[in-house]
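**Q** Structure incoming, see below.
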Amino acid sequence: MYKLLMLVTLLPSLALADAAQDLVAKLQGLQSLRGGFEQTVLDQDGRRAQEASGAMEVARGNRFYWSTERPYEQLAVSDGDTVWVYDADLEQVVVRPLNENLSETPALLFGGDPSAVGKAFRVEEKDRNGDNITYRLKPRGSDPLFETLDVTFDGQRPVSMRLEDALGQKTVIDFRDLTLNKAPSAGRFDFQPPEGTDVIRQQ
């Protein structure tokens, strides 16, 4: 009876470990992603509060290019050390050091160190339907930007991310026409502000 009880007690932690290892293995197979995205923000009642779409590219070394094209233009670029957030309408760019905390920069899930995932999150398998698997990530740190992050894969290919904050607001990002593990375009992760842009530097 005691041995059976011990086994039952261990099962949840073993399942969590398997889910984390499975997710890390998938992430290790991704050196870069390139494609489009559609982003929807839902309020507490599930109503659409905001929609956006654009193009993205992410590569190992904490590098990313995230260009929102609709309904307004905004660009976020990281070369692995610095982040530029450029607002074309305001003719303004905010420049700051990259925060490598995965729970504050979800894009680094695909561009950061896969081995850091288990340290930053508790990982469990939320849903499985054939090759379609959703992992639920819960930040381990205090005062995170979101309560849960669900990441769905179809085989080795990321399909979507879904974030929910403490107030119940949800952000759903669906990836479109992804190309995996192709060498990034030259200069993709460097940003030079257009002439006349107001540059705001943050520490």
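The values are calculated or read from the model by the stated rules, or taken from the named source; none is laboratory data. It should be emphasised that the depicted structure is a prediction, and the values quoted were computed from it without experimental measurement. Glycine gets a Cβ as well: all are built from the backbone with ideal geometry, and neighbour counts include every protein chain shown.
**Q** With the checklist (1) part of a loop (DSSP other than H, G, I, E, B); (2) within 23 Å of GLU38 (Cα to Cα); (3) free of Cβ contacts under 8 Å to residues at least 60 places away in the same chain; (4) not small (Gly, Ala, Ser) in hand, flag the one item LEU149 doesn't pass.
**A** For LEU149, the failing item is (1).
**Q** Restricting the search to the range 61-82, which residues are surrounded by fewer than 16 Cβ atoms within 10 Å (Cβ to Cβ) and of a type in the set (Val, Ile, Thr)?
**A** Once the filter is applied, which keeps residues that are surrounded by fewer than 16 Cβ atoms within 10 Å (Cβ to Cβ) and of a type in the set (Val, Ile, Thr), the range 61-82 yields only THR82.
**Q** OK, next. If VAL58 satisfies all but one of (1) surrounded by fewer than 16 Cβ atoms within 10 Å (Cβ to Cβ); (2) within 17 Å of the chain's Cα centre (by Cα); (3) not acidic (Asp, Glu), what's the number of the condition it fails?
**A** (1)
**Q** Restricting attention to the range 80-97, and to residues there that are over 21 Å from GLN39 (Cβ atoms) and in a loop (DSSP other than H, G, I, E, B), which single residue is nearest to the chain's Cα centre (by Cα)?
**A** Only one residue tops the list, namely GLY80.
**Q** Would you check if SER53 is among the small types (Gly, Ala, Ser), touching a Leu at 6+ places or on another chain (Cβ under 7 Å) and at pLDDT 90 or above?
**A** Judged against the criteria, SER53 is not a match.
Each row is one residue, and each column tells you yes or no for (1) of a type outside the set (A, V, I, L, M, F, W, C); (2) part of a loop (DSSP other than H, G, I, E, B); (3) surrounded by 13 or more Cβ atoms within 10 Å (Cβ to Cβ); (4) over 13 Å from the mean Cα position of the chain (by Cα).
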position: SER115; (1), (2), (3), (4): yes, no, no, yes
position: LYS126; (1), (2), (3), (4): yes, no, yes, yes
position: THR134; (1), (2), (3), (4): yes, no, yes, yes
position: PRO158; (1), (2), (3), (4): yes, no, yes, no
position: THR171; (1), (2), (3), (4): yes, no, yes, no
position: ASP177; (1), (2), (3), (4): yes, no, no, yes
position: ALA186; (1), (2), (3), (4): no, yes, no, yes
position: GLU195; (1), (2), (3), (4): yes, yes, no, yes
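**Q** Sort through PHE64, PHE110 and tell me the only one that's aromatic (Phe, Trp, Tyr), at pLDDT below 95 and more than 17 Å from PHE191 (Cβ to Cβ).
**A** After applying the criteria, what remains is PHE110.
**Q** Spot the failing condition for LEU108; the list is (1) within 14 Å of the chain's Cα centre (by Cα); (2) more than 24 Å from TYR65 (Cβ to Cβ); (3) among the aliphatic types (A, V, I, L, M), and only one is missed.
**A** With respect to (1) within 14 Å of the chain's Cα centre (by Cα); (2) more than 24 Å from TYR65 (Cβ to Cβ); (3) among the aliphatic types (A, V, I, L, M), LEU108 is out only on (2).
**Q** Looking only at the range 78-120, which residues are of a type in the set (D, E, K, R) and over 19 Å from ALA19 (Cα atoms)?
**A** Of everything in the range 78-120, those that are of a type in the set (D, E, K, R) and over 19 Å from ALA19 (Cα atoms) turn out to be ASP79, ASP81, ASP87, ASP89, GLU91, ARG96, GLU100, GLU104.
**Q** A follow-up question, please. Could you check the range 145-198 and list, in sequence order, the residues that are aliphatic (A, V, I, L, M) and touching an Asp or Glu at 6+ places or on another chain (Cβ under 6 Å)?
**A** Hits for the range 145-198 are LEU145, ALA166.
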